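Colleague: The structure's right below; bear with me while I get my questions together.
No lab work stands behind these numbers, since they all come straight from the coordinates. The structure presented is a predicted model; accordingly, all values stated were derived computationally and were not measured. Cβ coordinates were reconstructed from backbone atoms using ideal geometry, including for glycine residues, and neighbour counts include every protein chain displayed.
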Amino acid sequence: MKISYPKISIDYIIMGEGEMFITPSANIVPVEVPSQKESPVIDKLFSTLEKKDQRIEELLKDNVRLEERLKFLETDKTDFGKIAESASTGNTSLRTNQGATSAGAHLKE
C-alpha cells in the first residue's frame with residue numbers, strides 16, 4: 001500500500017493517528033553524517049571495494065588472454081593430430097615395405 005499510495009500516511013491507516021496525507025515536509029529523510037570513528041571504517045570499506053574491482057579487472061584480462069591461448073593450443077592440437085596420423089600411416093607403410101624386402105631377401109638366400 002505504501003508503494004501504491006505514497007501520499008497517504010501509513011500511520012494514519014494502521015493506527016488512525018496523525019494526518020491522512022503526507023505533507024512534503026514529512027517526506028524529508030534525515031541524513032546522518034558518520035562520526036569520526038565511523039569514517040575510517042567507511043574509508044577502509046571503499047578502499048577494499050576499489051582493490052576488489054581492480055582485481056576483478058585483472059582477472060577478466062587474464063581470462064581473455066587464457067581463452068585466446070586455449071584456442072591457439074586447440075588449433076595446434078588438431079594440427080598435431082593430423083601430423084601424427086600421417087606420420088603413423090607413413091611408418092606403417094615403411095615397415096610393411098621393409099618387411100617385404102626382408103622376407104624377399106630371405107627367400108633369395
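Colleague: Quick one: which residues, 5+ away or cross-chain, put their amide H under 5 Å from the amide H of I8? H built at 1.01 Å from N.
Modeller: Result for I8 returns I22.
Colleague: Counting Lys +1, Arg +1, Asp -1, Glu -1, what net charge surrounds E67 among other residues with beta carbon under 12 Å of its beta carbon?
Modeller: +1
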